[in-house]
Every structure is written in C-alpha cells, then in structure tokens.
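Below is one structure, written out as structure tokens; the observations come after it.
The values are calculated or read from the model by the stated rules, or taken from the named source; none is laboratory data. Treat the numbers as computed from the prediction; the structure is a model and nothing was measured. So basically every Cβ, Gly included, is an ideal-geometry build from the backbone, and we count neighbours across all protein chains shown.
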C-alpha cells in the first residue's frame, strides 16, 4: 500500500488515522503541496484532480479521503469504522461530512490562496475567513454531538470511527489558528479522547517524516 | 417520509433524484434559503447545522445529502445506487465527493454571501469565483471519467447512481451561470443521458412546487 500525502493535509491525516486504526502498514509518497508537487504531470497521472491523498492498494488507485476510508473499512473490516445499522452509519457519515464538505474544503490551501490572489486580501482577512467556517461548522457539530445519546466517549459510542477520523484533523487545524475552543466542550472532549490513542497521535502532522516548519 | 428542501439547493436536488430513482414517495417541507428559513429556531430544531436537506424517515432525522442517499440505498436496495464491489464503490463515492466536497461547498449560497459582505466583492468577482471552482473540479472529473473504461452511458457503467446524482445538479448550476461546457464532453454527455430519465428531470429546480424566479 502506498499513500500519497503531505504532513499538513487534513485529508491525508484522516487516511493515516484509518490505516493506523486498521493496523495496516503503508509506504509514503510525499507530495509537497506548498512547493506545487500536486500540479506536476507525475502526480497528475496518479490523481488528475491534483489533490492529496491518493492510495495505491490491491491494484487500485483510490482518491478522496472518505471514500478511501470506506474502502479500507469494507476490505479490512476490523475494527469497524462505521456502525452496523443504517441509521448509525448515516449519523456517522453525516458528522464526517460536516467537516469534510462544509468546513475543510472552504479552508483548503487552494481556496486561501485564491483569497490572497486574485482577490487581494490580507492575511488577517484570510484568517477571519478560516476561523469563520470552522466556527460555523463546529457550532452545528457541537449541538449535534451534545444533544444525542448516541454520542459516547467518541462521536458515536465508545469506539473511534469515521466521524472521529474527520473531526481530529479539523481540531488540529483550529488549534493551529488559535481558535477559541471553549464553545465546543464535546468536540474538545472527544478530540482529547482520540489523541490518547496511538492511531490518532501517530498520524499527527508533527510526527510525519515530511514535517517541516 | 418528509424532505426538508429548497428548489434551488443542489444538495436537496440530489436527494430528490435518489428518492425518484427508488420510486419512494415523500412529502415536502420547503425551507426558503434566500428568506432565511434555515436560521429560524423551528428549522434549527430539525437540523442544528441550518442547512438543507434533511430527511425524516423511519423515525430518524437524517442530514447531509450523500449520507442520506447511502441510507436510502441500504434500506431500499433497488435499484442500487453504488456498485457491489468495494473498488467500484470507492470510485463512485470519489466521483461524487469531487462535486460534493471540492466544488459545491465552496460555491454555496452562504460562501457567496460572505464574498459580497463582509469581503465587499462585486457580483462579477463572485461569478468568477463560482466558475473557477466548477472549472477546476470539472477538469479533474472530465479526465477521470474520460480515461476510465468503467465509465459507460453513466459515470459508472450503464446504470445511473450516486456519482450521476451528484453530477447533474452541479451541471445545472454551471448552465445557470453560463459556464462554457465544451471542455467537458464526457460530463455533458452523461448529463444529457441522465436528463432523459424522469427521475432526474422531475427533480430539476424548475419543476419543484416552491420554484420562483
């Protein structure tokens, strides 16, 4: 298995957590996003979208983090990353989608760069933008998690899964931009529970071989 | 079954297509996004995220369009909306995610409004933004579809499914903003094949009871 990723990519971070939870070993191919490796023809042949992650496995080239994780969960079912009942699966996938659709893509590097140029905004406006979309998403997520008995030690019960995998990299991003986390006690509690697990901690950007300041 | 939606919402449009393909009848609850119904406490009690769609079914309140559609596909398996093999499912989910994560959320109403105010951009800059993210996403999608033998009359083989459900509302948006579609012949061809089917055509914004100019 070969993971095309980048230490700072939240989407690659998700896949690293899933691979760790499944105890699957993998080889790294580092795609340096700030240097633009993702736009080189070599990587576009792997993923024409020019985004990370991509996962080479079982003769397939898979892209998009959540579909990759669902694939891993289907092919390597233990431990399960989504519940066995359809309503539970829908809940977990929805919690993950709040991060993966409604927060993260709006704050992606390419979007922030578009705000800087051509739109010409200063770094301060870009940071307000960044925090605005995390706050908006976390406000909904916090209410959904706090109000539902299905929430346990983790987002859904007492076993970490797809929703936690999406949540943790987003909290790490929020911490990096010094977002005030006190309005989101449930998110913070779950994040801390996850980070006590090796599978999550070892996937952190700071612990990747391609990490740089 | 009750669908909380809005004629113009692409995410609600996806769920309408899925319900039609499954031949499931449903009641409509219209949430007028331009008027701000989604921020009223009545709707926030349904979906704390304040976004459409939401689907009330079998005693559950489901949110997020793709998780809703996967739920419908699991509980009402005919006709299937994702392939039966894990790699096929990963492909279809990834194609859907390109639209649902990497195009649509960046062009969502709330994001466009943020560009207008507080960021203070003119309508022309907002339209360039809108088309930029569709073009970027469609370029990757076109290459993925055109290069893969798994693509058939529809995104994956000759049966419409999850990827087509995500694609069609995005093409409808592109047409509305007069995006030049000639660089995307495969996308255009698949879109036309979908729109020949009642399930897709009847879900179009223009054909919803809450449609307005």
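Of note:
- Count of residues meeting criterion [touching a helix residue (DSSP H, G or I) at 6+ places or on another chain (Cβ under 8 Å), under 13 Å from residue B:54 (Cβ atoms) and surrounded by fewer than 19 Cβ atoms within 10 Å (Cβ to Cβ)] in the range B:13-28: 1
- Qualifying position, being farther than 21 Å from residue B:102 by Cβ and either more than 17 Å from the chain's Cα centre (by Cα) or modelled with pLDDT under 95 (or both), among A:76, A:43: A:76
- Note on the range A:46-74: among residues that are more than 10 Å from chain B (Cβ to nearest Cβ) and outside any strand (DSSP E or B), the one that is surrounded by the fewest Cβ atoms within 10 Å (Cβ to Cβ) is A:46.
- Looking at the range A:159-213, the helices (runs of 4 or more DSSP H) lying wholly inside it that each contain 3 or more residues that are surrounded by 15 or more Cβ atoms within 10 Å (Cβ to Cβ) and in contact (Cβ under 8 Å) with a residue 60 or more places away in the chain sit at A:162-176.
- Selected residue (only one of A:51, A:95, A:115 is over 30 Å from residue B:56 (Cα atoms) and assigned by TED's automatic domain parsing to the domain that holds residue A:157): A:115
- Just one of the numbered conditions (1) in contact with a helix residue (DSSP H, G or I) (Cβ under 8 Å, 6 or more places away or on another chain); (2) within 13 Å of another protein chain (Cβ to nearest Cβ) is not true of residue B:200: (2).
- Count of the range A:13-45 residues, restricted to those that are in a helix (DSSP H, G or I) and within 14 Å of another protein chain (Cβ to nearest Cβ), is 8.
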